[in-house]
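Below you'll find the structure, written out as structure tokens, and then a few comments.
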Ligand code: SF4
């Protein structure tokens, strides 16, 4: 069982109800389709630029809840202007010991 969470853009979260992300995770679709068995732990926001507060939550999720893979919501890479912190956040999460997948739903 792979434990996953979705990290999404705090700015986008103000207008998006996240149905696409949650539906993909719960139904093993799109970027979740290759998991044999997946447990969707939660979805959080980055809590605003530059994403430090969201990373604190990711750390807690790894240490206390066994989070293994963080999916960056599609909004983080697809919206314009693009998030300038994606690569940095990805690197910090990988240093904490979790994998990162860019994207949630298609
Ligand atoms: S850090 Fe990136 S993902 Fe977070 S609010 Fe800013 S633009 Fe959105």
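Any residue at all in the range 36-46 that is surrounded by 15 or more Cβ atoms within 10 Å (Cβ to Cβ), part of a helix (DSSP H, G or I) and either within 12 Å of the chain's Cα centre (by Cα) or modelled with pLDDT of 95 or more (or both)?
Taking the range 36-46 as the starting set, the residues that turn out to be surrounded by 15 or more Cβ atoms within 10 Å (Cβ to Cβ) are 38-41, 43-46.
Cutting the leftovers down to part of a helix (DSSP H, G or I) gives us none.
The answer is no; no qualifying residue exists.
With respect to the stated conditions, residue 39 fails to be touching a residue at least 40 places away in the same chain (Cβ under 8 Å), more than 9 Å from the ligand (Cβ to nearest atom) and farther than 14 Å from residue 10 by Cα.
Filtered by the rule that a residue be surrounded by fewer than 17 Cβ atoms within 10 Å (Cβ to Cβ), more than 16 Å from the ligand (Cβ to nearest atom) and either part of a loop (DSSP other than H, G, I, E, B) or touching a residue at least 40 places away in the same chain (Cβ under 8 Å) (or both), the range 1-35 gives 1, 2, 17, 23, 27, 28, 29, 33, 34, 35.
For the range 47-73, a residue qualifies if it is within 16 Å of the ligand (Cβ to nearest atom) and either in a loop (DSSP other than H, G, I, E, B) or out of contact with any helix residue (DSSP H, G or I) (no Cβ under 7 Å at 6 or more places or on another chain) (or both), and the qualifying residues are 47, 48, 49, 50, 51, 52, 53, 54, 56, 57, 73.
The lone criterion from (1) in contact with a strand residue (DSSP E or B) (Cβ under 8 Å, 6 or more places away or on another chain); (2) closer than 23 Å to residue 30 by Cα; (3) within 13 Å of the ligand (Cβ to nearest atom) left unmet by residue 98 is number (3).
The values are calculated or read from the model by the stated rules, or taken from the named source; none is laboratory data. Note that the coordinates shown come from a computational prediction; the quantities given were computed from them, not determined experimentally. Reconstructed Cβ throughout: ideal geometry from the backbone, glycine too, with neighbour counts over all protein chains shown.
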